[in-house]
Every structure is written in C-alpha cells, then in structure tokens.
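The values are calculated or read from the model by the stated rules, or taken from the named source; none is laboratory data. On a predicted model such as this, the values are computed, not experimentally measured, just so you know. Here the Cβ positions follow ideal geometry from the backbone for every residue, glycine too, while neighbour counts run over all protein chains shown.
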Amino acid sequence: MTIELQIIGSLLRAVAEEMGAVLVRSAFSANIKERRDCSTALFDERGRMIAQAEHIPVHLGAMPDAVAAVRKHDPEPGDVWALNDPYAGGTHLPDITLVSRTEVGFSVTRAHHADVGGREPGSMPADSRTLAEEGVVIPPTRLDDEVMTALVGQMRNPEERRGDLRAQLAAHRLAEQRVAELCERRGRERVFAAMDELYAYSERSMRAGIARLRDGRYEASDVLEALEGDLELRAAVTIAGDAVEIDFTGTTPQHEGNLNCPLSVARSACFYVVRVVVDPDLPASGGAFAPVTVTAPKGCLVNARPPAAVAAGNVETSSRIVDVVMRAFGEAIDVPAQGQGTMNNVTLGNESFTYYETIGGGQGACPDADGPSGVHVAMSNTLSTPVEALELQYPLRVERYGLRLGSGGAGKHRGGDGVVRELRVLEDCRLSIISERRTQRPQGERGGKPGAPGRNALNGEPLPAKATRTLGAGDVLTIETPGGGGHGR
C-alpha cells in the first residue's frame, strides 16, 4: 500500500498541476496567463483538500471555505458553481472561484480577474468602504451560459472576462477526465482509501514537527498603514504538544476602509507560516492544517463582518499576518527577517482596458543565507508581467525595471533588495495603488538592520501608500519596493 499510496498521491498532485497549466495556457488576461495569479486543487467528498498545485498561498489556504459553501447546495455531477463573496467562502471580489464534482470529490480553481465591475477600473480601489464598491458580489451560484453572460455583462472588457472564465472551465473538464481515468486504472475504492491516508499522513507529519518546537505562548504585534492612520494587528501563538493555536485578540476592530479580511484569509496566512516554520517540504494537503486553530474576535480587522470592504485585506493584511505570526514564532525558533511585507498592488485602466499587477521586492535574510532580491514571496508567489507582453497588450510603456540596490537591510546575512518599476501611460486612465511598508520598515532579526521602506511617485511627486488618481497620457508612475530585513549582527 505504501508504494501505491505514493503513486496515487503523485497522480493526484499531477492532476492539480495540469489543471493549473491548462488554466494559464487558455487564459486571455495577462494577469493569469503571464503573472499566473491563479490556483488549482482537488478535494475529497468530505470537502477536505487532498492535493494542490504549488500556486498562491492566500488562494489555497482559503479554498476549503469555498468548497464548504458550495457543498451546502448539494452540487450535482457535471455542474460548476461560481463564487467570489468573501463572506461566503471567497477572499476578495476579483478572485472568482469555480467548484465542480469529480468521481471522488471536487475540483477547484481560483483566479484573479482583471476586473469584476468595481467602482474603479480593475476593481481594486484604494479607498473603497463597502463591498458593493469593489465589484459584482457572487454568492455560491450554479454557472451556466446564461449566468456567465449576466455576470460578465456587469464587468469591464466582458469578452476577456468570459475567456478567463472559460479557461477555468477547461481546467475543470480536464480534472473530471483525469480523475475518471485514475479511478478506472486503480479503482474508486483504492483512490478513496489513498485520499484518506494522504490527508492523515500530512496531519501526522505536521503534528510530529510541531511537537519538536518548544511549548509556550509567544506574542507579537505590527501595524498596517491605513489612510486614516496605523492599524494594530496582534497575534499570540500557543504551542502545546502537537498543536498550535493562533489568536488575534487585541487586533484593531474592522475599519471603514478596505484593509479588512474574512477569517478564511487570516487562516490561510497562518497555515502558510506554520508550514514554512515546521516542514516546508511536506506534501500540501488539508491534513497539514488540521493541528492549527485560528481564532479572532468577530468584527476585528482579520475577522470582518459584511458589508466591510476587503480589496486590500486579501493582499496586504494577509501579508502583515504572515509578518506578525512569523515574528511570534521567532520567540521559539530562529526565523527569517521580515520581507517586504506588501504586494505593491498597481491597477491601471479605463473603459477599454484594465491592467493589474503586483510587484516583487526584497525578502528577509535567513539565519544562514542572504535574502533573495526582487521576488514575490509569502502570500503572493506570482510572476512579474514580462515587459514585452505588457507593452504589446496595453497602452503602457516600461521606462525602467531593475533592482533597487542597497535597499536590503545590513547584517551578518543581508536582506534582499527591492525593485524599481517605472511605467509611462500612453492614454488617459485611472490609477489605484494599494501598498504597505511606506513608513514602517521591514524589520531585521537577531540584530540585523531593517530594510528600506518603499516609495510611490507620480511624475516625481510622492504618492501615499494607498492612492487613487486620474492619469493623463504621458504621466509616469514610479514604484520603489521595500528591501528585506537583515539577519544577525
């Protein structure tokens, strides 16, 4: 059974990876086909994640809530369900999730769409205050041609939106076919048994890793840079035997802006940290998350209640959760210094085009190595849009793109450098920036120095961390991303 388990586990992971490849290669928008801002996974009949592609952590850790929301509707074989409601299994509105049945469970895709009908082009407004301002809210809904037409009709560039949704559907059809082939070769009962054991193996391995950590309660805090002032985020990590509890009591209540996030996003960030700290090479499945309990007061920044806006919560608050939980673990074990701690979200668009990107930066140094430079890390894990693809598809020109030398923090091991990305717009459009670490620097560890904060500018004039502006043809946007903290004196 051990050999067969390895074979079936590898085949299930291969299906998840192939789903991702089909989605990326079939997509229309640069955000999915170039940046690969999408994720795929397979679940069993009980709604437990069994296999995932190595895609976007903030997508994957929150997927079980989406499957649970769809399972309440008793989906039929052949049906595909769509949702993006953050308070019903989603993350933020541009992330549209599709869920469908397979012979042994469910297949899931989640992709960030370049627009979902929000108040600002790209549906990532920097100053939204309610969910309705951020776009079309999709509760768990059976997706057919009529529903798809109605949905994309409320979004900018509807044919591009339709193309990306059809790319997701193609991934689901592939999953249905591949899982059926696996069941035919190995037998459905053997596949069911293997899925159970894969889940149990991940849980056993994670519990064994946690048990090697020093028991205790460890606390840390950090802040988010909201328009109205800093918002405090507090985390207490309790390690007890083979389990971990992470509690966010003391965190700022949800606020009027959009740095709020649902608890599913907070869980996702916590799962990522625990996996990194305990066993980063562990095959990812829901079993690895079973020993981790995440709690937060209702109505706080990381467990918001509707209709709070969440556009920035999924990208920026999730990144800060990683920082603060990792720092709490640092009281028990040696952890890396803080990385850039932001996704540097830039959205440009008008009624004829919408473009969204996140920008890499410096990662924190490790106890035994310098931090990498100019990378997407932690909750992002996307690629950068190639200059050639960006300029070919959009009225934009890349004036400068390179490392921000010297921005990493000093130390025995130096933090990675951020990047400088300069875009010239070639036609009038709207700009939205959602970024962090513009006043608060990424901190070093064990005496390492902090990295440099980021900087935003329009035609050379400074812009705040969160900004929405109207741009004219010829305007130049400059984003300088933060460097990572250093490690050791």
| Would a scan of the stretch 369-385 turn up a residue that is under 20 Å from the mean Cα position of the chain (by Cα), surrounded by fewer than 22 Cβ atoms within 10 Å (Cβ to Cβ) and hydrophobic (A, V, I, L, M, F, W, C)? | yes
| field | Single condition Ala288 does not satisfy, out of (1) more than 20 Å from the chain's Cα centre (by Cα); (2) part of a helix (DSSP H, G or I) | value | (1)
| query | Of (1) within 21 Å of Ala66 (Cα to Cα); (2) in a helix (DSSP H, G or I); (3) among the charged types (D, E, K, R), Arg305 satisfies all except one. Which? | reply | (2)
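Residue by residue, here is whether (1) more than 26 Å from Pro158 (Cα to Cα); (2) touching a residue at least 40 places away in the same chain (Cβ under 8 Å); (3) in contact with a Gly (Cβ under 8 Å, 6 or more places away or on another chain); (4) not hydrophobic (A, V, I, L, M, F, W, C) holds:
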{"site": "Asp323", "(1), (2), (3), (4)": "yes, yes, yes, yes"}
{"site": "Ala337", "(1), (2), (3), (4)": "yes, yes, yes, no"}
{"site": "Leu348", "(1), (2), (3), (4)": "no, yes, yes, no"}
{"site": "Gly364", "(1), (2), (3), (4)": "yes, yes, yes, yes"}
| task | Out of the residues in the stretch 303-314 that are modelled with pLDDT of 95 or more and buried (at least 24 other Cβ atoms within 10 Å of the Cβ), state the one that is farthest from Ala467 (Cα to Cα). | result | Ala304
| message | Tell me yes or no: at least one residue of the stretch 308-323 is over 20 Å from Thr439 (Cβ atoms) and in contact with a Lys or Arg (Cβ under 9 Å, 6 or more places away or on another chain). | response | yes
| task | Hey, can you tell me all the residues within the stretch 344-388 that are closer than 14 Å to Glu34 by Cα, part of a strand (DSSP E or B) and in contact with a His (Cβ under 9 Å, 6 or more places away or on another chain)? | result | Tyr356
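Yes or no: Ala332 part of a loop (DSSP other than H, G, I, E, B), in contact with a Lys or Arg (Cβ under 9 Å, 6 or more places away or on another chain) and among the aliphatic types (A, V, I, L, M)?
Details: part of a loop (DSSP other than H, G, I, E, B): yes; in contact with a Lys or Arg (Cβ under 9 Å, 6 or more places away or on another chain): yes; among the aliphatic types (A, V, I, L, M): yes.
Yes.
Go over the candidates Ala175, Ala150, Ala194 one by one and state the one that is out of contact with any Phe, Trp or Tyr (no Cβ under 7 Å at 6 or more places or on another chain), small (Gly, Ala, Ser) and surrounded by fewer than 16 Cβ atoms within 10 Å (Cβ to Cβ). Walk me through how you get there before you give the answer.
Details: Ala175 fails: surrounded by fewer than 16 Cβ atoms within 10 Å (Cβ to Cβ); Ala194 fails: surrounded by fewer than 16 Cβ atoms within 10 Å (Cβ to Cβ).
The conditions single out Ala150.
Can you name every residue in the stretch 80-114 that is assigned to a loop (DSSP other than H, G, I, E, B) and within 30 Å of Arg185 (Cβ to Cβ)?
Step one: filter the stretch 80-114 for residues assigned to a loop (DSSP other than H, G, I, E, B), giving 84-85, 89-94, 103-104, 113-114.
Glu103, Val104, listed by residue number.
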| Candidate set from the stretch 386-402 (those that are crowded, with 19+ Cβ neighbours inside 10 Å and of a type in the set (A, V, I, L, M)); member that is modelled with the lowest pLDDT | Leu390
| said: For the stretch 222-251, which positions are surrounded by fewer than 16 Cβ atoms within 10 Å (Cβ to Cβ) and either of a type outside the set (Asp, Glu) or without any contact (Cβ under 8 Å) to a residue 24 or more places away in the chain (or both)? | reply: Leu227, Gly229, Glu232, Ala240, Gly241, Ala243, Thr249, Gly250
| task | Assess whether Thr130 counts as being out of contact with any His (no Cβ under 6 Å at 6 or more places or on another chain), surrounded by fewer than 24 Cβ atoms within 10 Å (Cβ to Cβ) and among the polar types (S, T, N, Q). | result | yes
| Within the set of pairs 6+ apart or on separate chains, which have a first residue in the stretch 197-209 that is under 11 Å from Phe289 (Cα atoms) and among the charged types (D, E, K, R), a second that is modelled with pLDDT under 95 and assigned to a helix (DSSP H, G or I), and C-beta atoms under 8 Å apart? | Glu203/Gly287; Glu203/Ala288; Arg204/Gly287
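Within the stretch 106-127, take every residue that is within 26 Å of Gln52 (Cα to Cα) and polar (S, T, N, Q) and give me the one that is surrounded by the fewest Cβ atoms within 10 Å (Cβ to Cβ).
Going through the stretch 106-127, the residues within 26 Å of Gln52 (Cα to Cα) turn out to be 106-116.
Among the residues that remain, those that are also polar (S, T, N, Q) are: 107, 109.
Details: Ser107: 26, Thr109: 31.
Ranking the qualifying residues of the stretch 106-127, first place goes to Ser107.
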| query | Taking the stretch 461-483 as the search range and keeping residues that are more than 15 Å from Val425 (Cβ to Cβ) and not hydroxyl-bearing (Ser, Thr, Tyr), which one is surrounded by the most Cβ atoms within 10 Å (Cβ to Cβ)? | reply | Gly483
| Out of all the residues in the stretch 36-53, which are surrounded by fewer than 23 Cβ atoms within 10 Å (Cβ to Cβ), modelled with pLDDT of 95 or more and touching a Ser or Thr at 6+ places or on another chain (Cβ under 7 Å)? | none
| What are the residues in the stretch 374-389 that are under 17 Å from Thr342 (Cα atoms) and of a type in the set (Ser, Thr, Tyr), if any? | Ser380, Thr382, Ser384
| Scanning for something in contact (Cβ under 8 Å) with a residue 60 or more places away in the chain and part of a loop (DSSP other than H, G, I, E, B), does the stretch 261-269 turn up at least one residue? | yes
| task | Hand me the list of helices (runs of 4 or more DSSP H) wholly inside the stretch 138-249 holding 1 or more residues that are among the hydroxyl-bearing types (Ser, Thr, Tyr). | result | 145-152, 188-211
| field | Evaluation of Ala30 against (1) over 18 Å from the mean Cα position of the chain (by Cα); (2) surrounded by fewer than 24 Cβ atoms within 10 Å (Cβ to Cβ); (3) of a type in the set (Gly, Ala, Ser) (one fails), failing number | value | (1)
| field | Residues (farther than 18 Å from Ser380 by Cα and among the basic types (Lys, Arg)) located in the stretch 13-37 | value | Arg13, Arg25
